[in-house]
Amino acid sequence: MIATSTLEISAKAYRQNIRYIRSEIGPKPTISAVVKGNAYGHGIAQMVEIIEKAGIRHFCTFSSDEAWEVLEHSKRGSEIMILGMLHLEEIPELIRKGISFYVFDFERLQRAIDVSKEIGIHAKVHIEIETGFHRTGFDWNQREKLAEILLENQDQITIEGLCTHYAGAESVSNFVRVKNQIARYHEFKDFFNSKRIAFKIYHTACSAATLIFPETIMDMVRIGIAGYGFWPTKETFFAKLNSLPKGNKNPLRRLITWKSTIMSLKAVKTGEFVGYGNSYMALENIRLAIVPVGYGHGYSRMLSNQGMVLISGQHCQVVGTVTMNAIAVNVSKIKDLKIGDEVILIGKQGGKEITVASFSESTQQVNYEMLTRLPKDIPRIIIP
Ligand SMILES: Cc1ncc(COP(=O)(O)O)c(C=O)c1O
């Protein structure tokens with residue numbers, strides 16, 4: 001089967017990004033690679049291979065289904081940690097397989113303890129605390145009861161980590177909120193230490209916190225977006241600009257290239273409309289290339305009459321509406337095109353580039369959203 005488009009994933013770019021993160025955090029902290037959302041759209045199977053070859057042995061997933069997928073593809077016995085959803089009935093199997101998970105309420109904690117006792121294997125739990133994100137995490141007023149349960153059951157479960165997540169470390173507008181979160185984290189930590197509860201590791205930082213709030217780098221950092229070569233926001237990039245190596249050259253490299261081919265070529269006369277409705281009328285005689293990628297493949301409808309692709313090293317604009325399976329692009333300025341010629345939706349061709357940022361800007365989507373919407377069934381090919 002040959003798909004209508006392919007995603008190439010550069011292992012070399014990933015290694016470069018990890019080198020940069022390592023240079024920022026120093027030799028000691030563990031890097032956990034965040035592979036939720038199908039590895040930010042890059043493909044869990046491909047990314048597990050790339051990440052382990054880059055020397056990383058720790059993964060974060062959002063949910064248990066993703067954790068099972070990582071386990072299936074992991075060849076180096078890496079640690080897997082679930083940050084969010086799991087079904088309580090899966091806990092015995094997760095414990096047996098050594099998969100660790102966040103605990104943010106008493107029900108999950110109790111179940112982990114009960115199952116550990118029952119099967120005689122320690123659950124590996126990370127205690128998530130509420131510091132201001134207000135999604136998941138034990139509240140400050142639950143700390144006494146939590147400490148009591150943890151102390152009582154220290155011999156039944158492994159209390160792996162104390163963790164939290166910051167509410168927008170990627171923007172200075174959240175500066176006070178993040179600083180307050182850091183302070184609250186330390187209050188929790190001091191409280192648990194005073195009760196002599198020993199956590200094996202402390203971890204709080206995502207990409208933006210790692211880069212902008214170095215005090216959040218503890219025993220482990222949870223790196224998602226930066227590993228895939230994107231700054232969490234432009235602001236994060238500007239904030240780091242002065243300290244960047246080699247004359248401010250961006251040290252992060254995009255892994256992903258999205259390619260398709262020309263499916264059909266067509267001439268349209270002045271005054272004719274292109275595609276559904278009348279959103280685009282040809283103001284002169286034009287030639288179109290039809291590319292078999294549409295919103296069903298993750299190419300947003302918002303890119304109607306706006307998106308750009310590269311063909312023969314030249315920018316060509318999407319004309320008319322993006323349909324479920326195809327777009328039309330204006331190729332009037334390019335000669336000698338034929339069916340099967342390469343089309344770049346994201347990536348470089350002939351010295352020009354379509355970035356994910358440009359893509360996301362015209363759709364009001366953040367990088368994260370655009371990437372994770374890339375359907376799982378587009379083939380991902382690792383480029384070493
Ligand atoms: C708990 C947690 N840690 C780490 C990350 C990774 O964030 P980023 O991709 O910004 O590095 C996420 C992603 O949202 C998260 O939810």
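Cβ-Cβ contacts under 6 Å between residues 6 or more apart (or on different chains), taken from a first residue in the stretch 206-224 that is more than 14 Å from HIS58 (Cα to Cα) and open to solvent by 10 Å² or more (accessible area, probe 1.4 Å) to a second residue that is in a helix (DSSP H, G or I) and near the ligand (Cβ under 9 Å from one of its atoms), are listed as ILE217/THR210.
Set side by side, the residues THR158, THR131, THR136, THR164 differ, and just one is hydroxyl-bearing (Ser, Thr, Tyr), more than 17 Å from THR204 (Cα to Cα) and modelled with pLDDT of 95 or more, which is THR158.
Put simply, of ARG143, ARG111, ARG96 the only residue that is closer than 24 Å to ARG177 by Cβ, open to solvent by 40 Å² or more (accessible area, probe 1.4 Å) and of a type in the set (Lys, Arg) is ARG143.
Within the stretch 244-261, is even one residue surrounded by fewer than 22 Cβ atoms within 10 Å (Cβ to Cβ), closer than 30 Å to ASP377 by Cβ and over 22 Å from the mean Cα position of the chain (by Cα)? The answer is yes, given that some residue of the stretch 244-261 is surrounded by fewer than 22 Cβ atoms within 10 Å (Cβ to Cβ), closer than 30 Å to ASP377 by Cβ and over 22 Å from the mean Cα position of the chain (by Cα). Here's a check for you: in the stretch 67-104, which residue that is within 16 Å of the ligand (Cβ to nearest atom) and either of a type outside the set (A, V, I, L, M, F, W, C) or without any contact (Cβ under 8 Å) to a residue 24 or more places away in the chain (or both) is nearest to THR164 (Cα to Cα)? Per the criteria, the residue is TYR102. Figure legend. Inter-residue proximity from the stretch 172-191: first residues assigned to a helix (DSSP H, G or I) and of a type in the set (A, V, I, L, M), second residues open to solvent by 70 Å² or more (accessible area, probe 1.4 Å) and modelled with pLDDT of 95 or more, beta-carbon distance below 8 Å, spacing 6+ or different chains. Indicated pairs: ILE182/GLU215.
For the stretch 358-371, the criterion of being free of Cβ contacts under 8 Å to residues at least 12 places away in the same chain, open to solvent by less than 10 Å² (accessible area, probe 1.4 Å) and either outside the structural domain of PHE230 (by TED's automatic domain parsing) or on the phi < 0 side of the Ramachandran plot (or both) is satisfied by at least one residue. Just so you know, in the stretch 142-170 the residues that are part of a strand (DSSP E or B) and in contact with a helix residue (DSSP H, G or I) (Cβ under 7 Å, 6 or more places away or on another chain) include one that is nearest to the ligand (Cβ to nearest atom), and it is LEU162. In the stretch 147-157, the count of residues that are polar (S, T, N, Q) and open to solvent by less than 10 Å² (accessible area, probe 1.4 Å) is zero. Considering each residue of the stretch 162-169 in turn, none proves to be in the same structural domain as PHE101 (by TED's automatic domain parsing), open to solvent by 70 Å² or more (accessible area, probe 1.4 Å) and in contact with a Phe, Trp or Tyr (Cβ under 8 Å, 6 or more places away or on another chain). Under the condition of being modelled with pLDDT of 95 or more and not aromatic (Phe, Trp, Tyr), the residues counted in the stretch 226-251 number 3. Restricting GLU72, GLU49, GLU66, GLU79 to residues that are modelled with pLDDT of 95 or more and within 20 Å of TYR368 (Cα to Cα) narrows the list to GLU66. Checking each residue of the stretch 284-297 against the condition of being more than 29 Å from ILE51 (Cα to Cα), assigned to a loop (DSSP other than H, G, I, E, B) and either open to solvent by 50 Å² or more (accessible area, probe 1.4 Å) or within 16 Å of the ligand (Cβ to nearest atom) (or both) gives at least one match. Among the criteria (1) crowded, with 17+ Cβ neighbours inside 10 Å; (2) more than 15 Å from the ligand (Cβ to nearest atom), the one PHE230 does not fulfil is (2).
The values are calculated or read from the model by the stated rules, or taken from the named source; none is laboratory data. Quick caveat: nothing in here was measured; it's all calculated off a predicted structure. For neighbour counting, all protein chains shown are included, and Cβ atoms are generated from backbone atoms with ideal geometry for every residue, glycine included. These accessible areas exclude ligands, DNA and RNA; they are computed on the full protein's heavy atoms, side chains included. Shrake-Rupley method; radii C 1.70, N 1.55, O 1.52, S 1.80 Å.
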